[in-house]
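Below is one structure, written out as C-alpha cells; comments come after it.
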Amino acid sequence: MKKNILLYLSVFFATLSAMFIYNSYKLVKEKNKIKKELKDTNEMYDANIQYNIKLEDSIANFQNQLKKLQAEDKFSLNGNPKAQNYLQAINPDKNWNKYITDKLMATNQKQQGDNKLIPFAGMAGSMQIDSVKVLNNRWIIAHFTDGTYQGEMLLQYFIDKNGKIDFKVLDSVLYS
C-alpha cells in the first residue's frame, strides 16, 4: 500500500511538474513574443522621433532661409531699414506691412463691383486686388483680377500723422 501511495504520489508530482514546465514554457514564449512586439514598437517610436527631429530641423532651416531672403529683399518693406525707420517714426508699435496691405485690400470691399483704384473695368466679373507687395515707404505693387483677366499696378501711397492712407495709381498693365 505504501508502494501504491508512493507510486501515485510520484505520478501526481510528475504530472504536476510536467504542467508547471509546460506553463513555464508558454509563459516564456509569450514573454518573448511581447518583448519582440515591444522592441518593434520602440524601434518604430525611435524612428518616428528621429523623423520628427529631422522635420523640426528642416522647418527651422527653412524659416532661417526665409528670414534671410526677406532681409536680403531690397524691394520690400521688410528688407528696407530706411523705409521701416520712416514708418516707425510715425508709429513704432504698428506692423506697417500688414497695416498698409490690409488698408489696400479693404478698398475691394468699399464699393460694389470694380475696385475704384483699378483703372480697368472687369470683363468677366468685378476687378479686385488679390495680391499686394509693399516695396518701401512710398510704393506698392499690386496684382488684380476679375477671375479671367488680370493685371498689375504700381501705386504710390501717403500716410498722414493719424495713420490715414491715400493711394494713387502711378501705372498699370492688363494682361490678355
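General remarks:
- Inspection of the stretch 65-77 identifies at least one residue that is modelled with pLDDT of 90 or more and surrounded by 10 or more Cβ atoms within 10 Å (Cβ to Cβ).
- Index of the failed condition, G147 passing every other in (1) within 23 Å of F75 (Cα to Cα); (2) surrounded by fewer than 16 Cβ atoms within 10 Å (Cβ to Cβ); (3) within 27 Å of the chain's Cα centre (by Cα): (1)
- Helices (runs of 4 or more DSSP H) lying entirely in the stretch 1-114 (those with 2 or more residues that are without any contact (Cβ under 8 Å) to a residue 12 or more places away in the chain, among the polar types (S, T, N, Q) and more than 20 Å from N136 (Cβ to Cβ)): 2-72
- Scanning the stretch 106-144 for residues that are at positive phi and in contact with a Phe, Trp or Tyr (Cβ under 7 Å, 6 or more places away or on another chain) yields a count of 0.
The values are calculated or read from the model by the stated rules, or taken from the named source; none is laboratory data. Here the structure is a predicted model, which means the values were calculated and not measured. Because the Cβ atoms are built from the backbone with ideal geometry, glycine has one as well, and the counts that use them run over all protein chains shown.
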